[in-house]
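This report refers to the structure that appears directly beneath it.
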Amino acid sequence: MNHLGDVLSALLDGELGGTERGEAERHLAECEACRLELSLIESARGVVRALPSLEPPPGLLPTRLRRRRWVLSPAWITTVAVAVALAFGLVVGPGEPGEAFEMDTLNEQHIARVVGDPGIATFRGDSP
Amino acid sequence: MTDDSTPSWEEVARHHGRKIYNFAYRLTGNADDAHDLVQEVLLRVRRGLSSYTPTSFDGWLWRITRNAFLDEVRRRNRRPTMPLPEDDRGIGAAAPGPEEVLASIRLGEDVQRALLDLPYDFREAVVLCDVVGLSYEEIAGAVGIPVGTVRSRIHRGRKMLKERLG
């Protein structure tokens, strides 16, 4: 009788096709030597598979792999664009038709707000 | 990960970094060697991804991993002042990390030592099957041997392991 040999490992690992598996199982039912060998390799296989899965040391894998990826959604792009535009004073609201901008006045009002200096009127020569 | 798309380098590191580390650790029994090997493999993966054509990704990755490992062994053989993986049995001694990692290493010390006693071909087949979890066909692809040889090496490796463990 030919013993199963390495077919036993393939059987344990689910690597046998239906026919070969059936033949191996029938052989095992009749062969004590193969059953003993099967139990030995099953034990060896079990202890290796039971080895703990080790965590790689910190820093081995690049840290950026663990950070969330930022995705530029349309909402984000709009928000950023508006923020940049506001920062540079580029946003222009709708005006009344025919309304004229008096740039000097607007500039003075802006400077007065930014500086917060009530004496700005003096600078403008409006003081009594 | 599917076979019909090329993963990014980050995906490879995220999905396979830990397995590569464990593969290297179980083959060498040494945390520093495992650390170096993972770095080398990820470097090679990064360089190789641009020319990777989707076939079997696992086969491709583990061929790279195995070749990197063997290159390192050969490099050390040329510089005998550095210990060969087989000669270094300082299991866990240099392993940094939390206490529970060290405890798990100690628990598996006997099995690790028995693994290191196996000839390389058998150790590699057993580790790829029982630690990494590759199929016989994937191992055959990675190592470049017929499936029948994989089966034989795994079986003989397990028998030798059992003899050493008693």
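Looking only at region B:39-52, which residues are part of a helix (DSSP H, G or I) and either touching a residue at least 60 places away in the same chain (Cβ under 8 Å) or more than 12 Å from the chain's Cα centre (by Cα) (or both)?
Applying the first criterion (part of a helix (DSSP H, G or I)) to region B:39-52 yields B:39-51.
Listed by number, the residues that qualify are B:Q39, B:E40, B:L42, B:L43, B:R44, B:V45, B:R46, B:R47, B:G48, B:L49, B:S50, B:S51.
Of all residues in region B:141-154, those that are modelled with pLDDT of 95 or more, open to solvent by 10 Å² or more (accessible area, probe 1.4 Å) and not in a loop (DSSP other than H, G, I, E, B) total 6. Inclusion of B:Y21 among residues that are modelled with pLDDT of 90 or more and in contact with a helix residue (DSSP H, G or I) (Cβ under 8 Å, 6 or more places away or on another chain) is warranted. When region B:107-122 is examined, which residues are found to be without any contact (Cβ under 8 Å) to a residue 24 or more places away in the chain and facing chain A (nearest Cβ under 8 Å)? Correct list: B:L107, B:G108. Of note, B:L134 does not satisfy the criterion of being more than 10 Å from chain A (Cβ to nearest Cβ) and part of a helix (DSSP H, G or I).
Taken across region B:85-95, residues that are at pLDDT below 65, part of a helix (DSSP H, G or I) and surrounded by 15 or more Cβ atoms within 10 Å (Cβ to Cβ) do occur, with at least one present. B:V41 passes every criterion in (1) at pLDDT below 85; (2) crowded, with 19+ Cβ neighbours inside 10 Å apart from (1).
Where in region A:1-60 are there helices (runs of 4 or more DSSP H), lying wholly inside it, with at least 2 residues that are within 9 Å of chain B (Cβ to nearest Cβ) and under 43 Å from the mean Cα position of the chain (by Cα)? Walk me through how you get there before you give the answer.
Working: elements: A:7-12, A:18-30, A:32-49.
Helices (runs of 4 or more DSSP H) meeting the threshold: A:7-12, A:32-49.
Table: residues versus (1) in a helix (DSSP H, G or I); (2) crowded, with 19+ Cβ neighbours inside 10 Å; (3) of a type in the set (A, V, I, L, M, F, W, C).
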| site | (1), (2), (3) |
| --- | --- |
| B:V12 | yes, yes, yes |
| B:H15 | yes, no, no |
| B:I20 | yes, yes, yes |
| B:A24 | yes, yes, yes |
| B:D32 | yes, no, no |
| B:L37 | yes, yes, yes |
| B:W62 | yes, yes, yes |
| B:R66 | yes, yes, no |
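The values are calculated or read from the model by the stated rules, or taken from the named source; none is laboratory data. Since the model is a prediction, treat every value here as computed from it, not as a measurement. In this analysis, Cβ positions are derived from the backbone assuming ideal geometry, glycine residues included, and neighbour counts consider all displayed protein chains. Ligands, DNA and RNA are excluded from the accessible area calculation, which covers all protein heavy atoms including side chains. Shrake-Rupley method; radii C 1.70, N 1.55, O 1.52, S 1.80 Å.
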